[in-house]
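I have a structure I would like to understand better, so I am pasting it below and will then ask my questions one at a time.
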Amino acid sequence: MDWLLVICSLVHVLLCPFTKVEESFNLQAIHDILYHQTEIQKYDHLEFPGVVPRTFLGPIVVSMIAAPFVAVSRALEFPKDASLYLVRCTLGALVLWPLLKLRKRIKETLGQGTSNWFIFITVSQFHFLFYLSRPLPNTMALPLVLLAYYYWLGQQHGKFIACSAAAILIFRGELAILLGLILLGELLTRRLSLAKTMFVAVPTGLICLSVTVLVDSFFWQRLLWPEGEVLWYNVVLNKSGDWGTSPFLWYFYSAIPRAMGTSLALLPVGMFFERRVWPLVLPALFFVLAYSFLPHKELRFIVYVLPLLNIAVAAACNRLWENRTKGKWRALLALVAIGHLVANLVLTSFLLMVSRANYPGGEALFVLHKMESPESNVTVHIDVLAAQTGISRFGQLHDNWMYDKTENLKPGSPELRMFSHLIVEAKSKHAYNLRPYTETHDIVAHVEGFSHIRSSYNHFPPIRIKTKPCLFILKNKHLPEEPDFSFASKKHQVEATEESLPAEVELHFRNVSDGEGLLPENSTETPNSIENVKN
C-alpha cells in the first residue's frame, strides 16, 4: 500500500519536472549548495535576494541527502537537469516518510480500513502529491508538520512540541495558529500540562531560533531571523496584499473544494459517523478561518490541513464500505465511496495535463539545448516569462554557454542584438515585439503554453485543453564580431520569490497548475503587467 504513494508521487515529478518562480529560492539554494558549496559569493540569493529572506536549513537538509546521488549522476556524466529530478525526489521522500508514519498511526487509532482509505484518497487527489516534491517554503515545513501530527496522535507531547517549534520558528510562522490550536486542545482536555509544555517549548524554541539565526546569518551575510522578517512583512506591515487579494471565504469555496475534489462531500459524513475525527478536523478548519484574514491567499498556504481532513473522509469511506453487505442502499453507498475515488482520479489526470502545459520557460530552454551543439558559442537572453515558468540553474546545462536574464531591455535594442539566441514572449510570430527582429533574426522554434479550457461535445472527454504560442526562440543572423555584454548586470536579472510575484501573474502562470486558473477569481489590487515584477 505504501508503494502506491511512492509511485504516484514519482508520476507527478516525471510529468511536471520544472518549477515556478515561487519555488526559485529553495531550488537555487539547493543548486548552489550542491555545485558551489563554500563559495558563497557565487550563490544566487546574494544577486536575487527577493522581497523577504528565506531560511537555508531546508535546502541544506535536502542537499545533504541528495548529494551522493547527484555525485553519482555527475560521475556517470548524466545531464545536469538529472539533478533536478534527484533533488525533487529527495524532497518528496522527506515528505513521504512522515506521511507513511502518520498512516501507521491512523491504523493504530482508527483501524486498518481507515488507514487504507486514507492512502487511496490521498493518491486520488491532485494538489497534495503535486506540492509534495516542490521546493516551496510550505513544502519544506511539511515534514515537520506531519511528524507533529504523528506524535500528537500518539500522545508523545514532547516530540510534538519540538516538531511544532521547529516548523514555526524556522519555516512558516503561520503554523503557530494550526499547531497552537492543537496544543490548546491538549491543554484544555488536560492530556498535557502547562508546566510540561513550557519545560519543552522554551528550550526547544531557543535552540531552533539560535540555529536558524546562526546558519542563515552566515548565508545571507548579515544578522537576521528569516521567518521573523517574513512575519513582520506579512503581518505587521500587512504587505502580502500588495501581491493580490482574494475574498475572505476564498479558501472555503475555492481552495479546499479544488484540493479535495469530490472527497469534500464525504467530510461531514466522516464527522457524523466517527466522532474521534472531530479533534483533527476542527483545528484545521479554524486555522483556515483565521488565515483567511490575510488578504493574499494561495492554496499552498493551507496544504497542511489536507491530511487531517482526509482522515475524516477516510473514516466515512471505511464505514460505508464495511456496511456494504447490510442492504441494497448500503451497497449503493459503498459504490459512492469507490466512485468518488474514480472521479478524483479523472480530475487529477486532467489537472496533470494542464500542468504539463504550464511551464513554457523550462520547455523552451530544453528545446534550445536540443537544437544547438554543447560546444557551440551560445549566448542566450531569457525574458521575464521564461525566467518565471520553469528555468532554473539546474536547467543551465553547459558551462560554456551564457544564460542572461537582464530585464528592461527594449525589443530590438543594441544590447539584445549581442546575443546569439533570444527566448522571447510573444502571442504569435507576427507579434509587435517580434517585428524589430524581422531582418536580423530567424524564428527557429516556439513553445506553447496553457491558454484555456473549452467544452467540446464532439470529443470524449467533452473538455479540451487549449494551448497557445507564448515563447519564441530567435537566432541571430548577424552576430557582432566582438559582442559587449558589460550591460548584463546580474543584479538586474529577474528572479522573484514567492512574495514578489504580482497576483495577476501568479493566477495566469502558476496557479493554473493548482487548478486555480480553471475558474475565474475575484483577485483585486494587482499590478497591470508582468513588467511590474521586481526583486
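Read-outs: derived from the displayed coordinates by stated rules, not from any lab. Predicted model only: the values in this text are computed from it and were never measured. With ideal geometry, Cβ positions are generated from the backbone for all residues, glycine too; neighbour counts draw on all protein chains shown.
Modelled label-to-label distance, LYS159 and SER413, 7 Å Cα→beta-carbon offset: nm?
5.7 nm
So how tilted is helix 278-291 from the main axis of the chain? Cα-based, degrees 0 to 90, rounded to 10.
40 degrees
Putting +1 on Lys and Arg Cβ atoms and -1 on Asp and Glu Cβ atoms, find which of THR109, ILE443, ASN234 reaches farthest to the positive end of the dipole of the chain.
So the residue furthest toward the plus end is THR109.
Which value in nm describes the separation of the simple spin-label points at PHE487 and VAL215, placed 7 Å from the Cα toward the beta carbon?
Computed distance between label sites PHE487 and VAL215 equals 4.2 nm.
Same structure again: Quick one: length gained pulling ILE177 to ARG191 fully straight, 0.36 nm per residue minus the C-alpha distance?
On the way: separation 14, 0.36 × 14 = 5.04 nm, distance 1.95 nm.
Result: 3.1 nm gained on full extension.
Another question about this same structure. Test of the criteria: in the stretch 15-102, which GluC sites (Glu not before Pro) are in a DSSP loop and have at most 13 other Cβ atoms within 10 angstrom of their Cβ?
Values: sites: GLU22, GLU23, GLU39, GLU47, GLU77; in loops: GLU39, GLU47, GLU77.
Here the GluC sites (Glu not before Pro) that fit, given the DSSP loop and packing criteria, are GLU39, GLU77.
Please sort 221-233, 143-155 by packing, taking for each peptide the average over its residues of neighbouring beta carbons within 10 angstrom, highest first. The partial results should precede the final answer.
On the way: 221-233: 16.9, 143-155: 22.2.
Highest mean packing first, the order is 143-155, 221-233.
Can you compute the charge dipole magnitude of the chain about its Cα centre, using +1 on each Lys and Arg Cβ and -1 on each Asp and Glu Cβ, nothing else charged? Give it in debye, rounded to the nearest 20. Don't skip to the answer; put the middle values down first.
On the way: 48 positive and 44 negative charges, 517 e Å.
About 2480 debye.
Right, here's the next one. Compute the length gained on full extension between THR38 and ILE65: take 0.36 nm times their separation in residues and subtract their Cα-Cα distance, giving the result in nm to one decimal. Could you put the intermediate results ahead of the total?
Working: separation 27, 0.36 × 27 = 9.72 nm, distance 1.72 nm.
This chain segment gains 8.0 nm when fully extended.
Taking amide H atoms as placed 1.01 Å from N in the peptide plane, list the residues 5 or more away in sequence, or in a different chain, whose amide H sits under 5 Å from that of MET402.
It is VAL378, THR379, VAL380, by chain and number.
Please turn the phi angles of the stretch 18-35 into ³J(HN,Hα) values with the Karplus equation 6.51 cos²θ - 1.76 cosθ + 1.60 (θ = phi - 60°), one per residue in order, whole Hz, x for glycine and proline.
Values, residue by residue: 6, 10, 9, 5, 6, 9, 5, 4, 5, 5, 5, 5, 4, 4, 5, 5, 6, 9 Hz.
If you line up the long axis of helix 175-188 against the longest principal axis of the chain, both from Cα atoms, how many degrees apart are they, to the nearest 10?
The helix 175-188 is inclined about 10 degrees to the chain.
For the chain, find the longest principal axis of its Cα atoms and tell me its angle to the long axis of helix 112-124, 0 to 90°, nearest 10.
Here the helix axis deviates by roughly 20 degrees.
Okay, moving on. Consider a paramagnetic label point 7 Å from the Cα of VAL6 along Cα→Cβ; state which residues of the stretch 93-108 have an amide N under 16 Å from it.
In the stretch 93-108, the label zone of VAL6 (backbone N under 16 Å from the point 7 Å along Cα→Cβ) covers 93-104.
List the residues whose amide H sits under 5 Å from the amide H of GLY449, counting only those 5 or more places along or on another chain, with H placed 1.01 Å from N in the peptide plane.
LYS468, CYS470
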